[in-house]
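Visitor: Structure provided below as structure tokens; questions to follow.
The values are calculated or read from the model by the stated rules, or taken from the named source; none is laboratory data. A quick note: this is a predicted structure, and the numbers were derived from the prediction, not measured. Note that each Cβ is placed from the backbone with ideal geometry, even for glycine, and that neighbours are counted across all protein chains shown. Side chains included, ligands, DNA and RNA excluded: accessible areas come from the protein's heavy atoms. Shrake-Rupley method; radii C 1.70, N 1.55, O 1.52, S 1.80 Å.
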Amino acid sequence: MRRRPPLLPVMLLSSAVLVLAACGTERAGLGDVEAGAAVPSSRPTPVTDPGTDGVRVTSLTLPTESPSPTPTRSYSVSADRLPTDSGVSAAYEVTNPGSDTLTYTIVVTFTDADGGAVSNRTVTVRDVAPGKTVRGTVGAGVLPPSTPRITGAEVMKVTKVPSAEAPADPASCPASGIRVTADEGDAAMGLRVVGLHLTNCGTRPYEVEGYPLLELLDSGHDPVDGIDILDGSGEITTGAGPDEPPRPVTLAPGESARAGLVWRNTTEAGDGMTPVNVPYVRVRAKPGADPVTVTPDLDLGTTGRLGVRPWEKAAG
């Protein structure tokens, strides 16, 4: 005698459906693409970008929108979408028209249909020889699902320094055994503070004492005159903390020290002075040290003064 397969009780089935309907987010149709899923790509679209300082965006690649699947029910349950890689990228080219090998730092802005910035991405292109063109690609990165659709890309900012003076790649250590970098800085009520960081990436102790040696440079890497470089920040403000006297600092391999640049970017109307901007600062950790050119973009206003705090060992 043939047995019939057991039937799931109607009440149990209904309960299961109710449990599903109560969880997650209710959406019409089938669920969205899972977070982390591969984003289909399309062919690059040429971009008209006049560029800046020999750097321009040449094309934009946008992901192909997946067709909506045919719904099989009036409602279904899916998880909320998580941020995932946008799949958007821009191709760029860098041409060095000068006579020195340069290292470029480029900020590419991805924009929406209204021209508003959606994502800013920074890329470093090292050792571009005179007369040469280097090409590369930068992605827009991970963006929230609510981000406006990207429709364009352009070069927003370019800085360039002689490669021999460029800050070392974080993954490498120069022959000097030290790395010098500048951070993004902090701003409050017209006061600006940028940190200079000195790291001993070599194999022997490194000693410094006093203040870093600075040369202020304009956009053409020529000296900027008329700015008083002060020892300490007390004549600029007391808001950056008290000035500590210079002390000898010995850095074991792997240890770091920190100094600081402090200024006010106030501009006084009618004082007869022209606001001064210093895009580049050549830094020597101590007399005789190899120079490193950093790009803190000092907007000094008309104050004509820059305070420098001495080296001190970094915590940790």
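Visitor: Please find, among S99, S146, the residue that is part of a loop (DSSP other than H, G, I, E, B), closer than 27 Å to G288 by Cα and of a type outside the set (A, V, I, L, M). Break it down stepwise before answering.
Guide: Values: S146 fails: closer than 27 Å to G288 by Cα.
Exactly one residue qualifies, and that residue is S99.
Visitor: Only one of (1) closer than 14 Å to V194 by Cα; (2) part of a strand (DSSP E or B); (3) at pLDDT below 95 fails for D231. Which number is that?
Guide: For D231, the exception is condition (1).
Here is a yes/no grid of residues against (1) open to solvent by less than 20 Å² (accessible area, probe 1.4 Å); (2) hydroxyl-bearing (S, T, Y); (3) at pLDDT below 95:
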| position | (1), (2), (3) |
| --- | --- |
| E244 | no, no, yes |
| N265 | no, no, yes |
| G272 | no, no, yes |
| K286 | no, no, no |
| D290 | no, no, no |
| D299 | no, no, yes |
| G304 | yes, no, yes |
| A314 | no, no, yes |
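Visitor: If you don't mind, another one. Got at least one residue in the range 153-169 being open to solvent by 50 Å² or more (accessible area, probe 1.4 Å) and either closer than 24 Å to R305 by Cα or of a type in the set (S, T, Y) (or both)?
Guide: So far as the range 153-169 goes, no, none of its residues is open to solvent by 50 Å² or more (accessible area, probe 1.4 Å) and either closer than 24 Å to R305 by Cα or of a type in the set (S, T, Y) (or both).
Visitor: OK, next. Output the residues belonging to the range 92-122 that are of a type in the set (V, I, T) and open to solvent by 30 Å² or more (accessible area, probe 1.4 Å).
Guide: T95, T101, T105, V118, T122
Visitor: Mind checking which residues of the range 22-65 are hydroxyl-bearing (S, T, Y) and at pLDDT below 50?
Guide: T25
Visitor: I'd like to check something: does the range 173-189 contain any residue that is among the β-branched types (V, I, T) and surrounded by fewer than 17 Cβ atoms within 10 Å (Cβ to Cβ)? It would help to see each step written out before you state the result.
Guide: The first filter runs over the range 173-189 and keeps only residues among the β-branched types (V, I, T), leaving 178, 180-181.
Within this subset, residues satisfying the condition of being surrounded by fewer than 17 Cβ atoms within 10 Å (Cβ to Cβ) are 181.
Checked against the condition, which is being among the β-branched types (V, I, T) and surrounded by fewer than 17 Cβ atoms within 10 Å (Cβ to Cβ), the range 173-189 yields at least one hit.
Visitor: Here is a follow-up. Could you tell me how many of the residues in the range 190-201 are outside any strand (DSSP E or B) and surrounded by 16 or more Cβ atoms within 10 Å (Cβ to Cβ)? Give the steps one after another, and end with the answer.
Guide: Looking only at the range 190-201, we keep the residues that are outside any strand (DSSP E or B), and these are 190, 201.
Checking the rest, the ones that are also surrounded by 16 or more Cβ atoms within 10 Å (Cβ to Cβ) come to 201.
The number of residues fulfilling the criteria is 1.
Visitor: Additional query: Testing H221 on (1) open to solvent by 70 Å² or more (accessible area, probe 1.4 Å); (2) assigned to a loop (DSSP other than H, G, I, E, B); (3) in contact (Cβ under 8 Å) with a residue 60 or more places away in the chain, one condition comes back false. Which one is that?
Guide: Looking at each condition in turn, H221 falls short on (1).
Visitor: Identify all residues within the range 128-143 that are touching a residue at least 40 places away in the same chain (Cβ under 8 Å) and either among the hydrophobic types (A, V, I, L, M, F, W, C) or open to solvent by 70 Å² or more (accessible area, probe 1.4 Å) (or both); write none if there are none.
Guide: V134, R135, T137, V138, A140, V142, L143
Visitor: What single numbered condition from (1) more than 26 Å from T105 (Cα to Cα); (2) at pLDDT below 95; (3) in a loop (DSSP other than H, G, I, E, B) fails to hold for R204?
Guide: Here R204 meets the rest and fails (2).
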